[in-house]
1. Add +1 for every Lys or Arg and -1 for every Asp or Glu among the other residues with Cβ under 11 Å from the Cβ of Glu210, and state the total.
2. Determine the gain in length on full extension of the stretch Ala189-Arg226; use 0.36 nm per residue of separation and subtract their C-alpha separation, reporting nm with one decimal.
3. Nearest 0.05, what FRET efficiency do Ala41 and Asp163 give at R0 = 51 Å with Cβ-Cβ as r?
4. Can you count the Lys pairs in the chain with C-alpha separation below 25 Å, eight or more apart or on different chains?
5. For segment 113-162 and segment 49-63, what is the centre-to-centre distance using only Cα atoms, to the nearest Å?
6. Of all beta bridges DSSP finds with both residues in segment 55-192, what is the antiparallel percent, to the nearest 5?
7. Please give me the summed charge of the neighbours of Arg231: other residues whose Cβ is under 13 Å from its Cβ, Lys and Arg +1, Asp and Glu -1.
8. For the chain, what proportion of DSSP beta bridges, expressed in % and rounded to the nearest 5, is antiparallel?
Amino acid sequence: MWIASNAPGSSTSKGEENSQSARDDPRIEALIASIRAHAQAVAMEIGACDISPAVLRAIARVRREKFVPRHERMLAYADAALPIGHGQTISQPFIVAYMTELLKVGAGDRVLEIGSGSGYQAAVLAELGAQVYSVETIPELAVAAQHKLQALGYRNVRVRTGDGRKGWPEFAPYRAVVVTAVAESIPPALVAQLVADGRLVIPLREPGGEQWLTLIEKHADGRVSRKELFRVRFVPLRHS
Ligand code: SAH
């Protein structure tokens, strides 16, 4: 069984300067190679684990060092989750890449993220040209993520403090929803706020304690299907 640890597009709407320096960084090339290798290893376990060039390009354009605390910068381009304070983590880049892939979003799509954390996953989605709405329960993290994303030139991301289990109804429906903390069950509001044919990617904790990355699809006829992909490790989705 494969365990991936988290426990923790178009760049029209963000600074070109930022994109340029990220592309020229050899550490980012190494990170992309690690993500590819990790995807291959997972594919051997689950059959397929494709990460598209568009998603890898989006990852390559984000300067992850800006999303980790100063003393963690040395490890910013390691394919690993890192602490970001308040007992939370920035997700492992492979997991960010794969969750992003599963969402199947492109330019102009509205995406809801639950668990802004450092703002890194939101930046990757923004690089694909998505309109990103992100909810974070810890006010300090929400404010810091919003400021960082703004400073880096991401105009297509909004962050707010709140309980993400309720979604963000004002901007619904969303083409996709991504939850970056592990839930005991699927919050009904998140399915309700999806478009027909929308996708929800969420780590779910099973009664035995194992966490499974899960893809929920809401079909045009209203049916909801569920597919468990592989085991993961995320911080808990809090009840606030
Ligand atoms: N996506 C983040 C990873 C965040 S870790 C990144 O790229 O850095 C999970 C985050 O979910 C934590 O910041 C945690 O505070 C937040 N969280 C936990 N429960 C939540 C809830 N009910 N609503 C919104 N955010 C929540």
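1. Spelling it out: positives minus negatives among the neighbours equals +1.
2. Length difference between fully extended and current span is 11.7 nm.
3. 0.90
4. 11
5. Result: 18 Å between the Cα centres.
6. 20 percent
7. Numbers: positive: Arg205, Arg233; negative: Glu45, Glu206, Glu210, Glu228.
Spelling it out: positives minus negatives among the neighbours equals -2.
8. Approximately 40 percent, going by the DSSP bridge assignments.
The values are calculated or read from the model by the stated rules, or taken from the named source; none is laboratory data. Bear in mind the structure is a predicted one, so any value in this text is a computation, not a measurement. Note: ideal-geometry Cβ built from the backbone for every residue, glycine included; neighbour counts use all protein chains shown. SASA here: full protein model, heavy atoms, side chains in, ligands and nucleic acids out. Shrake-Rupley method; radii C 1.70, N 1.55, O 1.52, S 1.80 Å.
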